[in-house]
Amino acid sequence: MVGRNELHQQLRAQATELLVPLVAGREQSICIVDPPRSANCGDAALLLGQLVFLREHFPHATLRFIDYRNGGSEAMRLIANASLLIFPGGGNFGDIWFEPHAFRVRVLDRFPHVPKLQLPQSISFSDPAKRDRTERAIAHQADFRLCVRDHKSLAYARAHFPCEPILCPDTAYFLPAFERDQPRCDVLALLREDRERRAPHEAIFAQLQRAAGGSIEILDWAKPDSNILSSLDWRLDRLRNVLPDSRLIQRTAFWLREQYARARTDYGLAVLSRGRRVVTDRLHGLILSSILGIPTTAFDTADGKLAAFYDTWLRGAPNLALAERPDDL
């Protein structure tokens, strides 16, 4: 059994050892394809972790990005001239969140000879046709590295895709070892309200009321906000479509994207810190709580990615538990 700081450092070191060789020698002009800009604090933590990794190990790399919403012809030229395309990690490799994945497949189809690195993802397909479409796109790649973040996704990728997948920890573990704020309630229940929800929230809340014997706060952290950074980011889309090579526009857009991710990550860390304990069905609620050292009980998601990640990296870690049903609380 390892302590939380030791666990954090182990997973960070393992991810570093795996990812550095996949980028080395191809960092001259990196294009990040569709970096997240949603209000979801987990997506924000992923983006920040990926940027920490790239800047720490490849400080002279040129970083640019495009989104699936502004993937016009000029943006495609930016991809064509890249020395490496990086697809961010997360949980959208599949058909639960298909728009980002469909754009990934279009990029694979159009630029098969540009080297590509998919950072650690959870894989989930319910439609065999969409899975087979992805398989055909991967089959035509000259240089494509697929990283997955759990054993379940590893087995799936080996069974269905013509590449050798790499098992790697989540890139949020590149974030520093934050210190938590002082708690203000006994239990913080971070429970998702989107299509990945599986856990019975009402039963969880009723069980917490019976068992916790103290104050409980329940919320989700992915609701849209009116952050000025996000608003400006969206407004720059049209300019980036017209002038994707403009260094000023790229630098401004990248700065806005990163600052918004930082603001959402800080918010997420503050949310988790409110509770002496955390109950969650968000994977990054579990991951960030493990970095903060907050005792956490987690419930699985509809696609099974939380349980798969827990079983791969976190089982046996102190103060982290996976619950099957509300009575486990």
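The values are calculated or read from the model by the stated rules, or taken from the named source; none is laboratory data. Fair warning: this is a prediction, and the values are worked out from it, not measured in the lab. Neighbour counts are summed over all protein chains in view; Cβ atoms, including those assigned to glycine, are modelled from backbone coordinates with ideal geometry.
Given the criteria in contact with a strand residue (DSSP E or B) (Cβ under 9 Å, 6 or more places away or on another chain), without any contact (Cβ under 8 Å) to a residue 60 or more places away in the chain and buried (at least 17 other Cβ atoms within 10 Å of the Cβ), does A189 qualify? So A189 does not fit the description; no.
Which is at pLDDT below 75 and surrounded by fewer than 20 Cβ atoms within 10 Å (Cβ to Cβ), of L292, L248, L236?
Working: L292 fails: at pLDDT below 75; L248 fails: at pLDDT below 75.
Exactly one residue qualifies, and that residue is L236.
Scanning the range 16-69 for residues that are more than 17 Å from W255 (Cα to Cα), of a type in the set (A, V, I, L, M, F, W, C) and more than 13 Å from the chain's Cα centre (by Cα) yields L18, L19, V20, L22, V23, A24, F58.
Please work out if A298 is modelled with pLDDT under 95, among the small types (G, A, S) and surrounded by 15 or more Cβ atoms within 10 Å (Cβ to Cβ). If you could, list the steps in order and put the result at the bottom.
Numbers: modelled with pLDDT under 95: no; among the small types (G, A, S): yes; surrounded by 15 or more Cβ atoms within 10 Å (Cβ to Cβ): yes.
Criteria not met by A298.
With respect to (1) crowded, with 22+ Cβ neighbours inside 10 Å; (2) out of contact with any Ser or Thr (no Cβ under 8 Å at 6 or more places or on another chain), the lone exception for A82 is condition (2). Looking only at residues of the range 318-329 that are surrounded by 18 or more Cβ atoms within 10 Å (Cβ to Cβ) and farther than 16 Å from R198 by Cα, we find that the one that is nearest to the chain's Cα centre (by Cα) is L320. When R180, R104 are checked against the criterion of being of a type in the set (K, R), surrounded by 14 or more Cβ atoms within 10 Å (Cβ to Cβ) and within 22 Å of A222 (Cα to Cα), R180 stands alone in meeting it. Collect the residues in the range 261-280 that are more than 15 Å from the chain's Cα centre (by Cα) and surrounded by 24 or more Cβ atoms within 10 Å (Cβ to Cβ), keeping them in residue-number order. Hits for the range 261-280 are L272, G275, V278, V279, T280. Meeting the requirement of 1 or more residues that are acidic (D, E) and touching a residue at least 12 places away in the same chain (Cβ under 8 Å), the helices (runs of 4 or more DSSP H) wholly within the range 83-178 are 98-110, 128-139. The set of residues in the range 23-38 being surrounded by fewer than 19 Cβ atoms within 10 Å (Cβ to Cβ) and of a type in the set (A, V, I, L, M) consists of A24 alone. Within the range 142-195, restricting attention to residues that are aromatic (F, W, Y) and at pLDDT 95 or above, the residue that is farthest from A211 (Cα to Cα) is F144.
Determine whether V52 is within 28 Å of D220 (Cβ to Cβ), surrounded by fewer than 20 Cβ atoms within 10 Å (Cβ to Cβ) and of a type outside the set (G, A, S). Outline the logic, then answer.
Numbers: within 28 Å of D220 (Cβ to Cβ): yes; surrounded by fewer than 20 Cβ atoms within 10 Å (Cβ to Cβ): yes; of a type outside the set (G, A, S): yes.
Taking the combined requirement at face value, the residue satisfies it.
With respect to the stated conditions, A307 is at pLDDT 95 or above and crowded, with 17+ Cβ neighbours inside 10 Å.
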